[in-house]
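The structure appears right after this line, and notes come after that.
The values are calculated or read from the model by the stated rules, or taken from the named source; none is laboratory data. Please read these numbers as outputs of a predicted model, since none were measured by experiment. Cβ coordinates were reconstructed from backbone atoms using ideal geometry, including for glycine residues, and neighbour counts include every protein chain displayed.
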Amino acid sequence: MNRDDRSLISWFAFAAAIAALVVAIVGVRSDGSSESASGSGGAAKPTIEVVMNDFSFSPANITIPAGGATLKLVNNGAATHNLQVADLGIKSPDVLAGETYALEVGAQSLGSYKVICPQPGHEGAGMVGTLVVSDSAGGASGTDGMTTGGSAEMTWSQMDALMLKVAQQYPATTVGKGGQMMEPTILDDGTKEFVITSKVVDWEVEPGKIVKAWTYNGVVPAPEIHVNSGDKVRIVLKNELPDSTSLHFHGIQVPNVMDGVDPYTESPTTPGGEHVYDFVAKGPAVGIYHSHHNAQEQIPDGMFGAFTIDNMPIPEKLIDKGYTKVDKRVNLVLNDAGVIGLSLNGKSFPATEPYTLRVGEVMEVNYMNEGLLGHPMHLHQPMGWVTAKDGIPLDEPTPTDTIWVSPGERYTVLYMGMEPGVWAWHCHILTHAETPTGMKYMVTALIVTR
């Protein structure tokens, strides 16, 4: 947020923001209750329900008796998940979203064992837990014989208090901000040179959550590269990672030899190495630069940034509606995996950045999905107009308040400030925006003032 933005937000405006955000999104909760823990009382193996969300197990600590148990795996997420205990050779098949699988676990040695979801990027996103094998069955047994493996649920008042506490932290201060414009070095022949250094840094995703992010120039997202059509562009990639890498310009027209796909168009850039990419910019374009080497890990872990050429034209139909100029431009990069996890521009609520707009002003948003899942992005108000897809201007703008952005897709949307207030802005897969203890992950706000 720049200084002008912050000047628009008074202490009292943020008090209103907090109150509005608390009620803005539908909460996700369970009203059931659980009994106190009891033993199995017989030879039959207990059945323990384990809910797989995006990206967590509930309960995270699963206790089973030494004689074994049936784990009822329930996938409440939007992605495919499964459960693996590598130390015991236990691995379920893939469980699709909304489906259930009964995983039979035989007799095991006493001890604690790491549980993960082995889907690419899910362990790094925090989908881990513990399987405890004890002398007696763990968990809480209900009247149907099902055990939940968890403690008694919180009361509604406890839940409300926790939700309010999280909301009051917004916008939380964290170290590091990515996505800011990178200034080029202008060479003697007019070429715009950008130096990109890939390296691992400590990155604070949310207050207290510090991860080892794989970055360009030490930030997530990487600095934005913006040029104009006809510019001669040089990108110098320097590799300070422990692994090889490469650089691909997703959605940007380049010669094949500059496409950054090793080993086909180039050799990988090894640790300590350097690679130079030269091309002439052709726009307009809304693209992303990211790794194309072990990309299922390097990209979700933070190696992505916006690459834009020119500015998108405003359709005549919208000019007639008062969209005569763009007052603010925002790149919103979506992620859901790796060490960064569910996030907007490398941050998770309450550390996401709020945006401000005056009534009558126009904001252009480039949604860019660098995650492994699709995300339906929803701004409560105002209504948006989609003006371009994947950097190509549309012949006819399309109105929307919720837009599905698949992995790799980019959508350009214009919003005009209409009604003053604090408008929630989030992924509408509710497990990507809410938890029983408050808003989290892919949530921010647009604050419209007069």
Considering residues that are surrounded by fewer than 24 Cβ atoms within 10 Å (Cβ to Cβ) and among the β-branched types (Val, Ile, Thr), the number found within segment 271-308 is 2
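Which residue, of Thr352, Thr400, Thr431, Thr449, is among the β-branched types (Val, Ile, Thr) and closer than 18 Å to Gln169 by Cα? Walk me through how you get there before you give the answer.
Working: Thr400 fails: closer than 18 Å to Gln169 by Cα; Thr431 fails: closer than 18 Å to Gln169 by Cα; Thr449 fails: closer than 18 Å to Gln169 by Cα.
When all the criteria are applied, what remains is Thr352.
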When Lys232 is run through (1) closer than 29 Å to Asp310 by Cα; (2) free of Cβ contacts under 8 Å to residues at least 60 places away in the same chain; (3) crowded, with 17+ Cβ neighbours inside 10 Å, the failure sits at (3)
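Here is a yes/no grid of residues against (1) among the basic types (Lys, Arg); (2) crowded, with 22+ Cβ neighbours inside 10 Å; (3) at negative phi:
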{"residue": "Asp310", "(1), (2), (3)": "no, no, no"}
{"residue": "Pro313", "(1), (2), (3)": "no, no, yes"}
{"residue": "Arg329", "(1), (2), (3)": "yes, no, yes"}
{"residue": "Leu373", "(1), (2), (3)": "no, yes, yes"}
{"residue": "Val386", "(1), (2), (3)": "no, no, yes"}
{"residue": "Leu394", "(1), (2), (3)": "no, no, yes"}
Residues that are under 25 Å from Ala172 (Cβ atoms), among the aromatic types (Phe, Trp, Tyr) and in contact with a Lys or Arg (Cβ under 7 Å, 6 or more places away or on another chain): does segment 366-378 have at least one? yes
Here the qualifying pairs (Cβ atoms under 6 Å; residues six or more apart or on different chains; first in segment 424-450 and within 25 Å of Gln158 (Cβ to Cβ); second at pLDDT below 95 and of a type in the set (Asp, Glu)) come out as Thr431/Asp54
Of the candidates Ile210, Ile252, Ile225, Ile235, the one satisfying the condition of being out of contact with any Cys (no Cβ under 6 Å at 6 or more places or on another chain), among the aliphatic types (A, V, I, L, M) and in a loop (DSSP other than H, G, I, E, B) is Ile252
Report yes if His426 is part of a strand (DSSP E or B), modelled with pLDDT of 95 or more, within 12 Å of the chain's Cα centre (by Cα) and not hydrophobic (A, V, I, L, M, F, W, C), otherwise no. yes
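Determine which member of the set Ala79, Ala107 is over 30 Å from Ala433 (Cα atoms), among the aliphatic types (A, V, I, L, M) and part of a loop (DSSP other than H, G, I, E, B). Walk me through how you get there before you give the answer.
Numbers: Ala79 fails: over 30 Å from Ala433 (Cα atoms).
When all the criteria are applied, what remains is Ala107.
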